[in-house]
Amino acid sequence: MAHGPVQDWREGARKMASRVIPVDVFDLVIFGGTGDLARRKILPGLYRRFRAGQMPRDARIIGAARSELDDAGYRALVAEAVREHLEPEKRDEESLAAFLETVHYVTVDARGDAGWKELCALIREGTVHAFYFSVAPSLFGDLAERLRAHRLADGKARIVVEKPFGHDLESARELNRTLARHFDESQIYRIDHYLGKETVQNLMAVRFSNILFEPLWNAQYVDHIQITVAETVGVAGRGEYYDKAGALRDMVQNHMMQLLCLIAMEPPYRFDPDAVRDEKLKVIRALKPLTARDIVRGQYDAGPGIPSYREDVGNPDSFTETFVAMKVEVSNWRWEGTPFYIRTGKRLKARASEIAVVFREPPHAIFGQPRDGQGNVLVIRLQPNEGINLWVRIKEPGPGGMRLVEVPLDMSFAEALGPAAAEVPEAYERLIMDVIRGNQTLFMRGDEVEAAWAWIDPLIADCESCGEPPILYEPGSWGPEESAMLMHREGRRWREIRE
Ligand code: NAP
């Protein structure tokens, strides 16, 4: 069969997806190495990078927690985590055995001195030193202090800090101050795993490396933007944390805000960590303040065989929101008049995250086509099936006159890359490799996090003081009816999202 340009392109993309550039030799300490996040994401992710040839064979992974384990015991835990959380086609026993040789363990208490000497002995001169804080946020300060006290916080060391980064502006500031006492900002990697997703980076590539979109990327041509992060699960297992947080803190302040920034930001002068983060910060500072009356807050109710949120968290009086929808406005030259509608929730109809940039209708409808605002939409899908598609109107094929139909120009990574799509690193893998490379572009800077809290804090305070309970919604729905009304009032509607 002749090779057309499409096939050639696919071949090239496949080769690129499987090309890996090994990182420098590193010693990575995972504080909380026995915890849920380490087992589900960090350790399987590191194994995938090892198997792909990106993690050097003489790198060291050092699990650290209070549990009394030796290397053999921890290796057994790591092997189990890899087998449990990676599909069979993403692992093999031979490479797993080789990977386990890089794994070590020390019993360390973040709040005591036991174990630190042994930890120091495992960290080698001349390697990249990284410390992953995969523990409760209340231990971040203790860990930073002890790293300094044991002379592990040298200029080359990097720390990776998990979310949540504070629960309001004051606590985020305090945490930033504590970390700054021991580490320079260039050493601090605040994780938001949404930023590690392939499509999120592709969003920047699509915007800033093509001439096609940027001229239209403004209020003159974009009618509105929708950002949806929907989950089908409830909060079971995380109830204690979630009931104090709610969707505004847990999703909006970080993930949704980051996605909004990437859509709204000006082109940075180059793709450099501070240049990118400067532009994101300007967006956050340009957000119009909101009050409780401006947003829709919901809480999932019980359904057939499904407990209500209040039952899940064991708090019959909880006013915590598990759903929010709101119209956010960016007050700057580019976006004045183009709203960003964002919604996120638990126990919704589908597990799906997407951003839709909905363009305005052409000025004149020569075909008498419907002017329903659904003609040109750029959809960036974060999950499932990461990919981007651009909806365009074309003529419906066949006789029968000039009837128009909307079709997607599809760029699904799984389709475009074929089996190589399985090799595309997942968010955590990419972000950990970026830490080792010393690239902070996809991590949040301290001032960005504070600015996001500064915007959302008054809104949360207003919601808490207004005394209004969130609106109950049916599990498996798209949240309260008021969310649809938020759009209808302005002649718009949420796009239908399928899993
Ligand atoms: P977890 O399952 O409760 O694990 C906590 C880890 O910390 C365990 O390994 C525990 O081991 C260790 N630990 C507790 N106290 C310690 C101490 N004093 N000194 C040393 N180690 C100590 O928590 P997780 O779900 O993995 O979450 C870890 C962090 O990631 C949290 O900040 C969380 O907010 C964040 N995060 C988690 C997820 C997730 O999906 N799990 C997602 C996003 C963010 P020992 O008991 O053996 O000491």
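The values are calculated or read from the model by the stated rules, or taken from the named source; none is laboratory data. Since the structure is predicted, the reported quantities are computational estimates derived from the model, not experimental observations. We place every Cβ from the backbone using ideal geometry, glycine too, and count neighbours over all the protein chains shown. Please note that ligands, DNA and RNA were not included when accessible areas were found on the heavy atoms of the full protein model with its side chains. Shrake-Rupley method; radii C 1.70, N 1.55, O 1.52, S 1.80 Å.
Cβ-Cβ distances below 9 Å connect the following pairs, each with a first residue in segment 292-312 that is more than 20 Å from A245 (Cα to Cα) and modelled with pLDDT of 95 or more, a second residue that is open to solvent by less than 50 Å² (accessible area, probe 1.4 Å) and assigned to a helix (DSSP H, G or I), and a separation of six or more residues or different chains: A302/Y309.
Please go through segment 19-52 and give me each residue that is part of a loop (DSSP other than H, G, I, E, B) and within 16 Å of the ligand (Cβ to nearest atom), ordered by number. G32, G33, T34, G35, listed by residue number. Within the option set D434, D462, being among the acidic types (D, E), over 19 Å from the mean Cα position of the chain (by Cα) and crowded, with 16+ Cβ neighbours inside 10 Å holds for one residue only, D462.
Taken over segment 93-110, the criterion of being within 16 Å of the ligand (Cβ to nearest atom) and either more than 24 Å from T178 (Cβ to Cβ) or in contact with a strand residue (DSSP E or B) (Cβ under 7 Å, 6 or more places away or on another chain) (or both) is satisfied by V103, H104, Y105, V106, T107, V108, A110.
Just one of the listed residues (Y189, Y194, Y132) is open to solvent by less than 30 Å² (accessible area, probe 1.4 Å), at negative phi and either away from the ligand (no atom under 16 Å from the Cβ) or part of a helix (DSSP H, G or I) (or both), namely Y194. For beta carbons closer than 8 Å, sequence separation of 6+ or different chains, a first residue in segment 204-217 that is closer than 15 Å to V392 by Cβ and open to solvent by less than 60 Å² (accessible area, probe 1.4 Å) and a second that is in a helix (DSSP H, G or I) and of a type in the set (D, E, K, R), the qualifying pairs are F213/R207. Total residues in segment 79-111 satisfying the condition of being of a type in the set (K, R) and over 28 Å from the mean Cα position of the chain (by Cα): the figure is 1.
Restricting attention to segment 152-177 and to residues that are more than 15 Å from the ligand (Cβ to nearest atom) and under 19 Å from R111 (Cβ atoms), the residue that is least open to solvent (accessible area, probe 1.4 Å) turns out to be A153. Within segment 354-375, is there a residue that is loosely packed, with under 14 Cβ neighbours inside 10 Å and among the aromatic types (F, W, Y)? For segment 354-375, residues loosely packed, with under 14 Cβ neighbours inside 10 Å and among the aromatic types (F, W, Y): present. Taking segment 212-241, which residues are modelled with pLDDT of 95 or more, among the aliphatic types (A, V, I, L, M) and outside any helix (DSSP H, G or I)? Of everything in segment 212-241, those that are modelled with pLDDT of 95 or more, among the aliphatic types (A, V, I, L, M) and outside any helix (DSSP H, G or I) turn out to be A219, V222, I225, I227, V229, A230, V233.
Here A52 clears all of (1) more than 23 Å from A136 (Cβ to Cβ); (2) at pLDDT 95 or above except the condition numbered (2). Taking the conditions (1) more than 13 Å from the ligand (Cβ to nearest atom); (2) surrounded by fewer than 17 Cβ atoms within 10 Å (Cβ to Cβ); (3) not hydroxyl-bearing (S, T, Y) in turn, D113 satisfies each one other than (1). Listed by first and then second residue, the pairs with beta-carbon distance under 7 Å, at least 6 apart or on different chains, first residue in segment 126-138 and at pLDDT below 95, second part of a loop (DSSP other than H, G, I, E, B) and within 16 Å of the ligand (Cβ to nearest atom), are P137/P164. Taken over segment 221-271, residues that are free of Cβ contacts under 8 Å to residues at least 40 places away in the same chain, loosely packed, with under 15 Cβ neighbours inside 10 Å and farther than 28 Å from D312 by Cβ amount to 2. Considering segment 53-68, and only residues there that are more than 13 Å from A98 (Cβ to Cβ) and more than 16 Å from the ligand (Cβ to nearest atom), the residue that is most open to solvent (accessible area, probe 1.4 Å) turns out to be R60.
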